[in-house]
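To start, the structure itself, in structure tokens.
What follows is calculated from the coordinates using simple rules that are stated; it is not laboratory data. Bear in mind the structure is a predicted one, so any value in this text is a computation, not a measurement. Cβ: placed from backbone, ideal geometry, glycine included. Neighbour counts: every protein chain shown.
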Amino acid sequence: HRRPWEIFFLLCHNGVLQGPNFTQEPQDMIYSLNVENSEVILSCAANGYPVPDYRWKQNGTDIDFTMSYHYRLVGGSLAIRNPQKAQAIGIYQCLATNPLGTIVSHKAKLQFAYIENFETKTGSTMSVLAGQGMVHLCGPPIYFGDAYYAWTFNDHTLPVQENSRRFISQATGNLYIAKVQPSDVENYTCFVTNMEAQKCIRGPPTPLVLSKTIVQINLLL
């Protein structure tokens, strides 16, 4: 902190003192773990006279820039070099200080987009009677970030809604087929693309076959 005579000198010789005031505050961010040699930038800037000094908190604790090469200040912004999910994920706040006081930014959440592999390696054969409807379950892997689902039929990509009989739900990833026909028989594979993680994962192929057995249920009164 400056001494009173220093503040008086600044006031008399350099103009009117002004407390810090944010012109830019950090925003919530979802970052991809699949970007090599990357750097996350959480923006922060403030006006004030004298020019404010900056520091940052992560999860309520001051960041010590001398203890980790991952963190550095760029003006008032926080740069995180080659961020690791376990260390970098959390809530961040920027603090700007000059002799008239300290201001604290709103909280910004840093999260990381990712997608894991499918748990199963092989899909179970789906058997259905001709003319019946059926659902292919995608069973997507664990992920964080926006996901887009697609299916292939005999290695040909199906659009989201190929026709009136086929539909891919972007909520669940499941493929719906109405009134199954012999032409529908083949292997089906679900693909999940995480937009923010910039990665696509392929699920196990699931065969669809027509059942030749008609199951009769006798109701016993």
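Magnitude of the charge dipole for the chain, about its Cα centre and with charges confined to Cβ atoms of Lys, Arg (+1) and Asp, Glu (-1), is about 200 debye. Against the longest alpha carbon principal axis of the chain, how many degrees, from 0 to 90 and to the nearest 10, is the axis of helix 4-14 turned? Tilt relative to the chain: about 90 degrees.
Give the calculated FRET efficiency between Tyr176 and Asp28 to the nearest 0.05, with a Förster radius of 30 Å applied to their Cβ-Cβ distance.
Values: r = 34 Å, r/R0 = 1.15.
Efficiency computed from Cβ-Cβ geometry: 0.30.
Which order do peptides 198-205, 184-191 fall in by mean Cβ count within 10 Å, highest first?
Values: 198-205: 16.5, 184-191: 18.2.
Put in order of decreasing packing, that is 184-191, 198-205.
For Val51 and Gln111, what does the FRET efficiency come to when R0 = 45 Å and r is the distance between their Cβ atoms, rounded to the nearest 0.05? E(calc), rounded to 0.05, equals 0.90. Per residue, the average separation of C-alpha pairs within less than 8 Å and at least 6 apart gives region 116-209 a relative contact order of 39 percent.
Peptides 17-28, 89-100: what's the order by average Cβ count within 10 Å, highest mean first? List each step's numbers first, then the result.
On the way: 17-28: 16.1, 89-100: 19.2.
Highest mean packing first, the order is 89-100, 17-28.
Only lysines eight or more places from Lys107 in sequence, or on another chain, were considered; those with a Cα closer than 26 Å are Lys57, Lys85.
The relative contact order of the chain, computed from alpha carbon pairs under 8 Å that lie at least 6 residues apart in sequence, is 19 percent. Could you point to the label whose value was computed as Cα extents along the principal axes in Å for the structure here, given (i) 68, 37, 28; (ii) 98, 38, 34; (iii) 62, 38, 29? Here the calculated entry is (ii).
Working out 0.36 nm times the residue gap between Cys200 and Arg72, then minus their Cα-Cα distance, what length gain in nm do you get to one decimal?
Values: separation 128, 0.36 × 128 = 46.08 nm, distance 3.24 nm.
In short, 42.8 nm is gained.
Under a Gaussian network description of the chain, with springs only between Cα atoms under 10 Å, the residue in Lys109, Lys179, Lys85 that fluctuates furthest is Lys179.
Kindly state, to the nearest 0.05, the FRET efficiency for Ala86 paired with Val16, given R0 = 35 Å and r defined as their beta-carbon distance. Write down the numbers at each step before the final one.
Numbers: r = 46 Å, r/R0 = 1.33.
Between Ala86 and Val16 the formula returns 0.15.
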